[in-house]
Amino acid sequence: MSISDLRKFLPVVRKNWWLVILLSGILYGVGKLYVYKLSKVYSVTTQLLLKSNDDYNTNSLITDNKFYGNTYKTYVDNSNEIRVIQSQDLIEKTLDRLDFDVSYFLVGRLRTTEVYSGVPFSVKTFTLNPALYEQQMKFKLLSPETYELDYTIGDQPYVVKGNFGEDLINQHMHILISKKRSFITGQTIMVSASGNYLIQPHDKDVLIKTFLANLKVENPEYTNVLKMTYTDVLPERGIKFLDTLSQVYIENSVISKLEVNKNTIYYIDRQMDEVVNILNNIEDTMVRFREKNSIIDITKQSDNYFERYVDYLDQKKQIEYKETTLNDLERYIIEDKDPTFLPPSAYLLEGDNFQISTLSALYDKQKELNELMNIAKPNNFSITNLKNQIDSTKRDLLIYIKNTRVALGENKKAIDVQIGFYEGLLQEIPEQQRGLLNITRKQKVNEDMYIFLLQRRANTVISRASIIPETKIIERPRYAGIVSPDEKKLIISFTIGGFVLSLIIAFIRVQFFYRIESYEELKNNTKLPILGDVVKDMVSKDLSIAVEHDPKSAMAESFRTIRTNLQFMATGPGPHLIVITSNNPGEGKTFCSLNLAAVLAKSGKRTMLLELDLHKPRVQTGLGIKAEKGISTIAAGKHNIPECVMNTRIENLDVILSGPLPPNPSELISSKQMDEILDYCKQHYEFIIIDTPPVGLISDALVLMSKAAVMLFVINTKFSYRSSIENAHEISTMNPGVHFGFVLNGVKRKKSKYYYNRYGYGYGSYGGGYGGYGSYGGYGSYGGYGSYGSGKVRVNKGGDKKEKEK
């Protein structure tokens, strides 16, 4: 960027720097207020380790349910676990344990803040009108025992009052609002002083969806770790939610094993009850038989027969138990009343590897189906495929049960043959002794069965204690920072927005409302000559003649400078006809006409001031003369020209006023009489100053421009927009033979190029430039015009001898 470009840019900065600071500061404050009113959203995280392998000793007694334990040692599909955690059922179970059904808000002066732990009362909802869900109801404390609720149903407002600790029942709700301990210990004052509360009851489905939307579950690569992140405006609520969700998920992961254990104990207890009843009956029968027959003991041979007989009976009982177990398992499979397929482990036959492996595979497939049902639709291909596989496995298992039952039947027949053999031997024993042996035999068989069932039950109960979650929490829920809003970023964005807005407004002001306030700015916006700038003087009155009122003022010096530069422009023998106009009213063209005419007259030049602003004449006001006759009366033939020439209090300055306002002022400008007036002035005066109407409103100045030697365009800093400069450029091209120049009026002293004795002026080319000039007398001799597009101007540092003498 060159120095000249920088000089052009500096005025723009000088006029708009305050706008940048103001709007940036305002938007900074708005950003601070906006951020303050926003609710901060916090992040809470926790981590779970899947399949932690905290297994019990596989060789211990409590591993009796190892069929089901082995299914948990396979690799976990973590994507399925993520879907389980994010299932609506699990979220619903979690929320059922928490008191999140109602939200509480504290209304402050500038913002409303949601609160959780500091509320001195609690709200329990039983029944609500659906329209009240998700609606904020105003809560107002009336007294330590009463409150008021304000809510709306449709467009109808309602206000109800209630008592703490008592049910509030009306046509819209059934709720209970109770005081907490903090209410009694001093929070009552805080509630009444700080403002009202808002309570917002939640619909359960909406609440579940809200928590699901704010929950994020991730599985870091190559790990069995699940990272759960929850965002909430209340971090303590988020911590409580994640903690409860983790517990519910862990409990859900062991519920299958607990159900298996529970079913096994129930089945064993039922079998043991039957055996106990049988033993009780046998004992009663034996007592009665011994008393009746006075039997004390049997022979050793009988004992031998009896032991063998009992051993076969025991084997038969075991086979019958297996048949019963197979029948129960077959009925369990066929009836299919358990959708989760969790058969008691007592249904398993010890040593039957095929049955164990088949049931294990069936359980795995059923478990996989249960998990898919939570995360996929019923018609999903994977679900359909798994159901087909389960049905096929069940058919194979039913066929195996049938074949096993046949084999057990064959074994039982062989044992029956042995039992028959020993029964024949025992029949040889006396009848009384044989009866006692029969009773003892039954007692022995059932005692063995009871001991077997008791052992199985003990193992099952012990194994229940060993059922521990294979998922564990490795990082408790904790606060992880603020997620939004990014206060610093928002404030910076607002500030930058203010800065950009200020630049846009500044650009609009520069393009459409930019006012030229100094000589340098005018010079940067035009290549036409600038005769000078008129310093604004707060002391001078409107239309006052500054060169007479205060000859030593900066304003008087401004006009002397303009006079000097005007004489350089209006070269030749004369007379010189100078048209003064402006683009808009109120720019000071009449004021400049008066002062320029006066300063020319004071320099010894015979000067005529023509008041040709026949629409709104003001020269007469500035001179303090009444316009009873003038241009209008000359045109009407009432007076001749000499009769209308009026002397002023300034030597060498005469004036012809407008006279009474004519009905057709614009026609007078182009009339024959106007040519006669101008001819008369040229014969008797060296300079003719013509005050014309604003060219932006009336075209009178354009008519006179063709007859003038110089046209001065007055621009006031109050109205000096670029449109005025462009309009002046268009006017200057209409008559290229007329010298055109600008006069900048109303310039502040510190922005003026001229100040007191700093005379002289350098102005650029107007289709060309003026030649150099030397000095003669007060002004110096000067040469002719330079060639178009090449000449340069030397500034005359001299002054008028008469002015210096004054």
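So which strands (runs of 3 or more DSSP E) are wholly in segment 526-633 and hold at least 3 residues that are hydrophobic (A, V, I, L, M, F, W, C) and closer than 21 Å to Gly696 by Cβ?
Hits in segment 526-633: 530-535, 576-582.
One residue alone among Asn716, Asn647 is crowded, with 17+ Cβ neighbours inside 10 Å and among the polar types (S, T, N, Q), and that residue is Asn716. Residues considered: Ser632, Ser582, Ser593. Of these, the only one that is under 60 Å from the mean Cα position of the chain (by Cα) and either closer than 30 Å to Lys718 by Cα or not aromatic (Phe, Trp, Tyr) (or both) is Ser582.
Yes/no matrix, rows are residues, columns are (1) under 29 Å from Ile451 (Cβ atoms); (2) modelled with pLDDT of 80 or more; (3) open to solvent by 40 Å² or more (accessible area, probe 1.4 Å):
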site: Tyr332; (1), (2), (3): yes, no, yes
site: Pro339; (1), (2), (3): no, no, yes
site: Pro344; (1), (2), (3): yes, no, no
site: Gln366; (1), (2), (3): no, no, no
site: Asn370; (1), (2), (3): no, no, yes
site: Phe381; (1), (2), (3): no, yes, yes
site: Gly409; (1), (2), (3): yes, yes, no
site: Tyr422; (1), (2), (3): yes, no, no
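Tallying residues that are hydroxyl-bearing (Ser, Thr, Tyr) and open to solvent by less than 30 Å² (accessible area, probe 1.4 Å) within segment 305-320 yields 1. Of the helices (runs of 4 or more DSSP H) lying entirely inside segment 663-749, those carrying at least 1 residues that are of a type in the set (D, E, K, R) and over 60 Å from the mean Cα position of the chain (by Cα) are 665-669, 672-684, 700-705.
Filter segment 29-63 down to the residues that are touching a strand residue (DSSP E or B) at 6+ places or on another chain (Cβ under 7 Å) and either closer than 19 Å to Phe241 by Cα or modelled with pLDDT of 80 or more (or both) and list them by number. Across segment 29-63, the qualifying residues are Ser39, Lys40, Val41, Tyr42, Ser43, Val44, Thr45, Thr46, Gln47, Leu48, Leu49, Leu50.
Scanning segment 658-681 for residues that are touching a Leu at 6+ places or on another chain (Cβ under 8 Å), surrounded by 15 or more Cβ atoms within 10 Å (Cβ to Cβ) and not polar (S, T, N, Q) turns up Pro662, Pro665, Leu668, Ile669, Met674, Ile677, Leu678, Cys681. You will find that of Asn261, Asn224, the residue that is in contact with a Lys or Arg (Cβ under 6 Å, 6 or more places away or on another chain) and surrounded by 20 or more Cβ atoms within 10 Å (Cβ to Cβ) is Asn261 and no other.
Can you tell me which residues in segment 112-131 are outside any strand (DSSP E or B) and surrounded by 13 or more Cβ atoms within 10 Å (Cβ to Cβ)? Tyr116, Val119, Pro120, Asn129, listed by residue number. The criterion of being at pLDDT below 85, of a type outside the set (A, V, I, L, M, F, W, C) and under 17 Å from Glu587 (Cα atoms) does not hold for Ser706.
Quick check on Glu134: is it touching a residue at least 60 places away in the same chain (Cβ under 8 Å), closer than 22 Å to Ile208 by Cβ, open to solvent by 50 Å² or more (accessible area, probe 1.4 Å) and touching a strand residue (DSSP E or B) at 6+ places or on another chain (Cβ under 8 Å)? Taking the combined requirement at face value, the residue satisfies it.
Let's see how each residue does on (1) surrounded by 18 or more Cβ atoms within 10 Å (Cβ to Cβ); (2) at pLDDT 90 or above; (3) in contact with a helix residue (DSSP H, G or I) (Cβ under 7 Å, 6 or more places away or on another chain); (4) not aromatic (Phe, Trp, Tyr):
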| position | (1), (2), (3), (4) |
| --- | --- |
| Thr185 | no, no, no, yes |
| Met190 | no, no, no, yes |
| Asp203 | no, yes, no, yes |
| Val206 | no, yes, no, yes |
| Leu212 | no, yes, yes, yes |
| Leu242 | yes, yes, no, yes |
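Quick one: is Ser87 open to solvent by less than 40 Å² (accessible area, probe 1.4 Å), under 30 Å from Asn214 (Cβ atoms) and modelled with pLDDT under 70? So Ser87 fails the test. Looking only at segment 628-644, which residues are of a type in the set (A, V, I, L, M) and either crowded, with 19+ Cβ neighbours inside 10 Å or within 15 Å of Asp613 (Cα to Cα) (or both)? Matches in segment 628-644: Ile631, Ile634, Ala635. Look at segment 714-725: where a residue is under 13 Å from Ile530 (Cβ atoms) and a partner is in a helix (DSSP H, G or I) and open to solvent by less than 10 Å² (accessible area, probe 1.4 Å), sitting 6+ places away or on another chain with Cβ atoms under 8 Å, you get Val714/Cys592; Ile715/Leu522; Ile715/Ser724; Ile715/Ile725; Ile715/Ala728; Ser720/Leu522; Ile725/Leu522.
The values are calculated or read from the model by the stated rules, or taken from the named source; none is laboratory data. Keep in mind it's a predicted model, so treat the numbers as computed, not measured. As a convention, Cβ positions derive from the backbone with ideal geometry for all residues, glycine included, and neighbour counts pool all protein chains shown. Please note that ligands, DNA and RNA were not included when accessible areas were found on the heavy atoms of the full protein model with its side chains. Shrake-Rupley method; radii C 1.70, N 1.55, O 1.52, S 1.80 Å.
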